[in-house]
1. Being in a loop (DSSP other than H, G, I, E, B), without any contact (Cβ under 8 Å) to a residue 60 or more places away in the chain and more than 19 Å from Thr49 (Cα to Cα) is the filter here; which residues of segment 71-99 pass it?
2. Hey, can you tell me all the residues within segment 27-56 that are of a type outside the set (Ser, Thr, Tyr), over 16 Å from the mean Cα position of the chain (by Cα) and within 24 Å of His89 (Cβ to Cβ)?
3. Count, please, the residues in segment 13-35 that happen to be open to solvent by 40 Å² or more (accessible area, probe 1.4 Å) and either more than 16 Å from Ser60 (Cα to Cα) or modelled with pLDDT of 75 or more (or both).
4. Looking for whichever is at pLDDT 95 or above and crowded, with 16+ Cβ neighbours inside 10 Å here; the options are Pro85, Pro123, Pro102, Pro136. Which one fits?
5. Among the residues of segment 140-160, is any in contact with a helix residue (DSSP H, G or I) (Cβ under 9 Å, 6 or more places away or on another chain), closer than 15 Å to Leu52 by Cβ and either modelled with pLDDT under 95 or polar (S, T, N, Q) (or both)?
6. What pairs come up if the first residue lies in segment 39-50 and is on the phi < 0 side of the Ramachandran plot, the second is surrounded by fewer than 17 Cβ atoms within 10 Å (Cβ to Cβ) and among the polar types (S, T, N, Q), and their beta carbons are under 9 Å apart, counting only those six or more places apart or on different chains?
7. For the structure I just gave you, tell me whether Val92 is open to solvent by less than 20 Å² (accessible area, probe 1.4 Å), at pLDDT 95 or above, of a type in the set (A, V, I, L, M, F, W, C) and within 18 Å of the chain's Cα centre (by Cα).
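The values are calculated or read from the model by the stated rules, or taken from the named source; none is laboratory data. Please read these numbers as outputs of a predicted model, since none were measured by experiment. Please note: Cβ atoms are built from the backbone with ideal geometry, for glycine as well, and neighbour counts cover all protein chains shown. Please note that ligands, DNA and RNA were not included when accessible areas were found on the heavy atoms of the full protein model with its side chains. Shrake-Rupley method; radii C 1.70, N 1.55, O 1.52, S 1.80 Å.
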Amino acid sequence: MMLRPEQRTKLDPSEDDLFYSFPRFVTHVDDNFIHQLTNLYRERLTPNTPILDLMSSWVSHLPEEIEFSHVEGHGLNEEELAKNPRLDHYIVQNLNLNPKLPFDDQEFDAVLNAVSVQYLQYPEAVFSEIYRILKPGGVAIISFSNRMFYQKAIAAWREGTENSRVELVKHYFQSVSGFSKPEVVVRQPSIPSFLGMFGLASVDPFYAVIANRL
C-alpha cells in the first residue's frame, strides 16, 4: 500500500526542523499510557541488546531495571535528546527529508517508536529502513494514542479513526517484505463513558502494533 500524495500532506507545511527547533519538556500522553508502554517494553525487549529509540525526545519510557548494551536515540530536537538519561548516543535527523538511517544493516535487536508515527510523510521508506537495521528476529514496536500535533500529522492519520490508524500502521509493516504478521495491542480505558462526556475523566487509549523481522 502506498499513500497518495494528498494523504501525506500536513496543515502546517513548514519544515519540521523549524517546528521542533525549541524543546518541549512535557509528556505527550498520560501516566496510564506510559505505564502500559513501559510494561510492554518490559515484556518484549531483551536485556543487554542494542535498541533504537526512533523519533524520541527527553524520555524513552524504558523499564528502569533493564539494562541494554546500547540505546541509540533519534529525534529532531537536540536539547530534548541530550536530556534523555537512557540514551548512550543520539542523532538529529528529519526523516521527512531524509528517511535513510545512518546505521549498519542488522545493527539493532529492537526499534521503538512512541507516539510519533503519525508525523511520517514517507512511512514506507522509514519502515523499509527499520527492517534493514533490525537483526533477524528483531522486534519493532510502534505505539500511539489519540493525541497528536494536529497541524503536523499527515492527512491519512489526521482524518482517520482510531481503528483506521491501527490499520494504517499494519499496512506500513505490510508494505515491506520480510516482517511477520503485525500483532495489535489495544487497551482501552475502563472508565464509564458518561464521565468522559461531561469532561470529568479522561484516560488515553493505548495502541501498539508489533512485528518482527523474519
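1. In the first step, residues of segment 71-99 are kept if they are in a loop (DSSP other than H, G, I, E, B); the result is 76-77, 84-88, 93-99.
From the residues that got through so far, the ones that are without any contact (Cβ under 8 Å) to a residue 60 or more places away in the chain too are 77, 84-88, 93, 95, 98-99.
Passing the criteria: Asn77, Gln93, Leu95, Asn98, Pro99.
2. The answer is Arg42, Pro47, Asn48, Pro50.
3. Of the residues in segment 13-35, 11 are open to solvent by 40 Å² or more (accessible area, probe 1.4 Å) and either more than 16 Å from Ser60 (Cα to Cα) or modelled with pLDDT of 75 or more (or both).
4. Numbers: Pro85 fails: crowded, with 16+ Cβ neighbours inside 10 Å; Pro102 fails: crowded, with 16+ Cβ neighbours inside 10 Å; Pro136 fails: crowded, with 16+ Cβ neighbours inside 10 Å.
None of the other options fit; the residue is Pro123.
5. Yes, because at least one residue in segment 140-160 is in contact with a helix residue (DSSP H, G or I) (Cβ under 9 Å, 6 or more places away or on another chain), closer than 15 Å to Leu52 by Cβ and either modelled with pLDDT under 95 or polar (S, T, N, Q) (or both).
6. Pairs that qualify, where the first residue is on the phi < 0 side of the Ramachandran plot and the partner is surrounded by fewer than 17 Cβ atoms within 10 Å (Cβ to Cβ) and among the polar types (S, T, N, Q), are Pro47/Ser69; Thr49/Ser69; Pro50/Ser69.
7. no
To keep it simple, each residue is scored yes or no on (1) open to solvent by 20 Å² or more (accessible area, probe 1.4 Å); (2) more than 14 Å from the chain's Cα centre (by Cα); (3) free of Cβ contacts under 8 Å to residues at least 40 places away in the same chain.
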position: Ala110; (1), (2), (3): no, no, no
position: Ser116; (1), (2), (3): no, no, no
position: Arg132; (1), (2), (3): yes, yes, yes
position: Ala140; (1), (2), (3): no, no, no
position: Phe144; (1), (2), (3): no, no, no
position: Gln151; (1), (2), (3): yes, yes, no
position: Ile154; (1), (2), (3): no, yes, no
